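K.L.:
Just passing along the structure, written as structure tokens.
The values are calculated or read from the model by the stated rules, or taken from the named source; none is laboratory data. Fair warning: this is a prediction, and the values are worked out from it, not measured in the lab. In this analysis, Cβ positions are derived from the backbone assuming ideal geometry, glycine residues included, and neighbour counts consider all displayed protein chains. Accessible surface areas use protein heavy atoms only, side chains included; no ligands, DNA or RNA. Shrake-Rupley method; radii C 1.70, N 1.55, O 1.52, S 1.80 Å.
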Amino acid sequence: MSAEPQASRVRVAPDSDVELARSKKPRLASDTTAEKVQDYTSPQTRPKSELQSKKSKRKSKNKKFALPEACSPEDVLWHEIKSVLGPSVVGKAIEEGVEYESPFSFHEEVEVVVKSLSPSGDAVAVAVEERFSSTPWAIIVPLALPGEVVRVKVYRNARMHSVADLVTVVTPNLDLRDDSRVQCRYFGRCAGCQYQMLSYDSQLTFKRDVIIKAYKNFSGLPESSVPTILPTIGSPLQYGYRTKITPHFEAAPKSLLRKKQAEKTDKDEVTEQPDWLKIGFNIVGKRQVLDIEECPIATPVINQALTSERANIIRKAYTYKRGVSLILRDSLDPTISLPPETVSSDSSQVETYLSEALDKHVCITSHTAKIRENVGGFLFEYPASSFFQNNNSVLIPLTEYVKEAIFPSGSEKHRPTHLVDTYCGSGLFAITLSPYFETISGIELSTDSIRSAQHNVSLNKSLRAIPAFNNLVLSPSATVSTLPTVSEPNISFRSGTASDIFSSVSSFPRHETVIVIDPPRKGCDEEFIRQVVKFRPAVLVYVSCNVHTQARDIGMLLKMVDEVENNDSGDGELKEKRGRYALESLRGFDLFPQTGHVESVAVLRLV
């Protein structure tokens, strides 16, 4: 472990081109302009007339600031700030109308001590110097760790907090920080990763803490109703795992582009990368692009393709009239026909053909091309522009966990026979769980995703009829499930909205039905939750990419159920008593190692 943090491994705040912490609004590029629009600088920098009238204007000023939407990144950060400063302290500041009165001026440098990590991975700190102790205020800074003393440069003041650049680590937390772990030369400048200096065990611990705080702050549930959060399931790959990246670049400045066109050199091949051309990802906190030649968290196939994609863009640098967002997705080779157009009687030839189809990876760079992935012996095909999880290595542990949650070993309870996969996408859960249910219905708003799911059912049915395919995907070392399987499950998919999402499954026996919920980041709306409560299946599995909206939704669901069971609901449709849910388990899954992001699986069972 290095005794000193390596300054080159963390971004040093420049004097004139300051950057914004991750997940915050980008600052203006010009420092001069930024100072002009700065609403809340320190009292020392304000004109006397402004200080005299600040109390009378305080209320009107505060009206200009809209409070964050519930469960938004800003709202999540606000809860973290209240936790660090203390709810009573924050409440007093709001009551006095001084929650926007920052003690820090624009670009002021200050030493702070880190108190916690926010769910985004940014540190929440407070000033060390005694002169700031009379004004409770948080400072948000990237790349710092709990217990560290760091020097920062403030560039934005907001409600009860300032956002700052990390200048240097004064006192590192050597129990956590080891900069020799960093495997990316862009770490600290690229906005993609936050945790490369941490051990993987520490990353998983911090991600578990995110789930704990989410349920404390957003579920509205009593502590007794929330089970102990289980340890986070790690990704089998911590680097080289990401199967999709979307680097981007801006077109040449218009004046330069016009000059090239006038000289008729805009179509000439460029031999060297122009200084203005940056192909990559956003700099931390800025809408400016950092030039990236490789991404260590992306798969090797993607990094190989990135080199050639960059070369092509450089050659055609002056032909682009506007910025472009690229797509690079790791895929099994979709040009290999599956199922085979003809099945040879020679089983060895068939196995060789299928082996190549399951092993050969290519990088797809067209938004409209087909992607093919293998998840535990099930193949999924979908358009490159569609959503699919970007870490294939963790999908087997995830789908296996969901299966074990539905069918716990040693359970004597009646086995469910029906599955409803809501927000089903291309059919990930419906298809991987299909051997264990008699009837499955996938429901999805996107008609394109429905078509992909229907195709994937047909594709896997055809492949499973080929003995050589089963020999390849069911290796002797694979864990064999002891659950009895269904040879011909009835699987259907339909497009549905929140208002009628369960109309197609109203005939399903609710005591034998499982619902899997896997919504986008915004979570579920109230009407969807209401329909779940009305249907009341035996088991609910909520898979979430946003643990804060998951906590909110589960709290809402359990509250609705309690109202029905207590006869407090005024909604006639929800009057029938059907039993309460127990929140049986909560567990995080790390789909994005080296980042602050965590996904969560909640299991609820009717009791």
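K.L.:
Within region 207-232, work out how many residues are open to solvent by less than 40 Å² (accessible area, probe 1.4 Å) and under 20 Å from Val84 (Cβ atoms).
P.N.:
Applying the first criterion (open to solvent by less than 40 Å² (accessible area, probe 1.4 Å)) to region 207-232 yields 207, 210-211, 214-215, 218-219, 221, 226-227, 229, 232.
Checking the rest, the ones that are also under 20 Å from Val84 (Cβ atoms) come to 207, 210-211, 214-215, 218.
Number of matching residues: 6.
K.L.:
Would you be able to say whether some residue in region 153-160 is touching a residue at least 60 places away in the same chain (Cβ under 8 Å), basic (Lys, Arg) and in contact with a Phe, Trp or Tyr (Cβ under 7 Å, 6 or more places away or on another chain)?
P.N.:
There is at least one residue in region 153-160 that is touching a residue at least 60 places away in the same chain (Cβ under 8 Å), basic (Lys, Arg) and in contact with a Phe, Trp or Tyr (Cβ under 7 Å, 6 or more places away or on another chain).
K.L.:
Which ones in region 493-511 are in contact with an Asp or Glu (Cβ under 9 Å, 6 or more places away or on another chain) and surrounded by 13 or more Cβ atoms within 10 Å (Cβ to Cβ)?
P.N.:
Of everything in region 493-511, those that are in contact with an Asp or Glu (Cβ under 9 Å, 6 or more places away or on another chain) and surrounded by 13 or more Cβ atoms within 10 Å (Cβ to Cβ) turn out to be Phe493, Arg494, Ser495, Gly496, Ala498, Ile501.
K.L.:
Moving to a separate point now. If you go through region 178-188 one residue at a time, do you hit one that is outside any loop (DSSP other than H, G, I, E, B), under 29 Å from Asp590 (Cα atoms), among the acidic types (Asp, Glu) and modelled with pLDDT under 95? Don't jump to the end; show me each part of the working.
P.N.:
Just the residues of region 178-188 that are outside any loop (DSSP other than H, G, I, E, B), to begin with: 179-181, 187.
After this cut, where a residue has to be under 29 Å from Asp590 (Cα atoms) as well, the list is 179-181, 187.
So of that shortlist, the ones also among the acidic types (Asp, Glu) come out as 179.
This time we only want the ones that are modelled with pLDDT under 95, so: none.
Looking for residues that are outside any loop (DSSP other than H, G, I, E, B), under 29 Å from Asp590 (Cα atoms), among the acidic types (Asp, Glu) and modelled with pLDDT under 95, one finds none in region 178-188, hence no.
K.L.:
Which of (1) open to solvent by 30 Å² or more (accessible area, probe 1.4 Å); (2) over 30 Å from Val603 (Cβ atoms); (3) assigned to a strand (DSSP E or B) does Gln349 not meet, given it meets every other one?
P.N.:
(3)
A quick yes/no check of all residues on (1) touching a Gly at 6+ places or on another chain (Cβ under 6 Å); (2) open to solvent by less than 50 Å² (accessible area, probe 1.4 Å); (3) of a type in the set (Ser, Thr, Tyr):
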{"residue": "Asn312", "(1), (2), (3)": "no, no, no"}
{"residue": "Ala317", "(1), (2), (3)": "no, yes, no"}
{"residue": "Thr342", "(1), (2), (3)": "no, no, yes"}
{"residue": "Leu358", "(1), (2), (3)": "no, yes, no"}
{"residue": "Cys363", "(1), (2), (3)": "no, yes, no"}
{"residue": "Thr368", "(1), (2), (3)": "no, no, yes"}
{"residue": "Leu379", "(1), (2), (3)": "no, yes, no"}
{"residue": "Phe388", "(1), (2), (3)": "no, yes, no"}
{"residue": "Asn391", "(1), (2), (3)": "no, yes, no"}
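K.L.:
Being farther than 23 Å from Gln238 by Cβ, among the small types (Gly, Ala, Ser) and part of a loop (DSSP other than H, G, I, E, B): is that true of Ser337 here?
P.N.:
yes
K.L.:
So, one more: Can you spot a residue in region 370-383 that is over 18 Å from Asn456 (Cβ atoms) and not in a helix (DSSP H, G or I)? Can you show your working first?
P.N.:
As a first pass, look at region 370-383 and keep what is over 18 Å from Asn456 (Cβ atoms): none.
Among the residues of region 370-383, not one is over 18 Å from Asn456 (Cβ atoms) and not in a helix (DSSP H, G or I), which makes the answer no.
K.L.:
While we're on this one: Can you run down the residue pairs with Cβ atoms below 6 Å, 6 or more apart or on separate chains, where the first is in region 589-607 and in contact (Cβ under 8 Å) with a residue 60 or more places away in the chain and within 25 Å of Glu565 (Cβ to Cβ) and the partner is open to solvent by 10 Å² or more (accessible area, probe 1.4 Å) and not in a strand (DSSP E or B)?
P.N.:
Val603/Ala405; Leu606/Ala538; Leu606/Gly579
K.L.:
Determine which single condition Cys295 fails, assuming it passes every other condition in (1) surrounded by 14 or more Cβ atoms within 10 Å (Cβ to Cβ); (2) in a helix (DSSP H, G or I).
P.N.:
(2)
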